[in-house]
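Below is one structure; the comments refer to it alone.
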Amino acid sequence: MTSTPSVATLLEATSDGCRLLVRLTPKSARDAIEEIEILADGRSCLKARVRAVPEKGKANQALLKLLAGKLGLPISALAISSGSASRLKTIHVAASPADISRKLDPGA
């Protein structure tokens, strides 16, 4: 049995915040941030689901809104830095990795 990676493994510090890898599932039955998933290439990502459809950026906006709510940040503090047309997205968050880790930790 393998242990679940910590939220800290998902975050990469930048000069003005951090980057977070997210695997998004659009057209879901509910909006939710789920567990950490290990990808085939060994990277860890946060799984998220949104009800929005992947048309005209609706699912991306729903993801940013969901994350902003969970992190207690304004939507303007988050941006998709890569993967806007892919399920696997890199999100730039204008907050410290320690704050993000604490807020996304399942035990918090």
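Since every read-out is calculated from the coordinates, none of them should be taken as a lab result. Because the structure is a prediction, the values reported are computed rather than measured. So basically every Cβ, Gly included, is an ideal-geometry build from the backbone, and we count neighbours across all protein chains shown.
Each Cα pair under 8 Å and six or more residues apart adds its separation to the average, and for the chain the resulting relative contact order is 30 percent. Each of the peptides 84-96, 31-43 was scored by the mean count of other Cβ atoms within 10 Å over its residues; in descending order, highest first, they stand as 84-96, 31-43.
Using the Stokes-Einstein relation with a Kirkwood hydrodynamic radius computed over Cα pairs, the translational diffusion coefficient of the chain at 20 °C and a viscosity of 1.002 mPa s comes to 155 µm²/s. Taking 7 Å along the Cα-to-C-beta vector as the label spot, tell me the residue 88-residue 8 distance in nanometres, rounded to one decimal. If labels sit at residue 88 and residue 8, their model points lie 2.4 nm apart. With each label modelled as a point 7 angstrom along the Cα→C-beta vector, the residue 27-residue 40 pair spans 2.1 nm.
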